[in-house]
Amino acid sequence: MITKDMGIRQIIEEFPQAITFFSQHNLGCIGCMAASFETLEQGLNAHGFDINKFMKELNEFIGANPA
């Protein structure tokens, strides 16, 4: 399960299928320098996303698309 306090780089490493989800939402997390030190919540807030909705959908996506 992905939580909002996880680092973006950590999420990508542990759940590589999240890359597809980020791309579908026009988030270039892979190429972003901030991915090395930002939490998911910080990144989503910077881009104006609803954190709760995004987290629910991301975890559903991860569950439906295991690595």
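Over the chain, what portion of Cα pair distances is larger than 18 Å, expressed as a whole percent?
Values: 506 of 2211 pairs.
The answer is 23 percent, as a whole percent.
Please state the relative contact order of region 8-64 as a whole percent: Cα pairs under 8 Å, 6+ residues apart? Write down the numbers at each step before the final one.
Working: 33 pairs, mean separation 22.6, N = 57.
With pairs under 8 Å counted, the relative contact order is 40 percent.
Full-extension gain between GLN42 and SER23, please, as 0.36 nm times their residue separation minus the C-alpha to C-alpha distance. Let's see the in-between values first.
Working: separation 19, 0.36 × 19 = 6.84 nm, distance 1.75 nm.
Between GLN42 and SER23, full extension yields an extra 5.1 nm.
With charges only on Cβ, +1 for K and R and -1 for D and E, what is the dipole size of the chain about its Cα centre, in debye, rounded to 20?
Value, rounded to 20: 80 debye.
Any read-out appearing in this document is the output of simple, stated calculations on the displayed coordinates, not a laboratory observation. Quantities reported herein were computed from a predicted structural model and do not represent experimental measurements. When we count neighbours, we look across all protein chains shown, and the Cβ atoms used for this are built from the backbone with ideal geometry, even at glycine.
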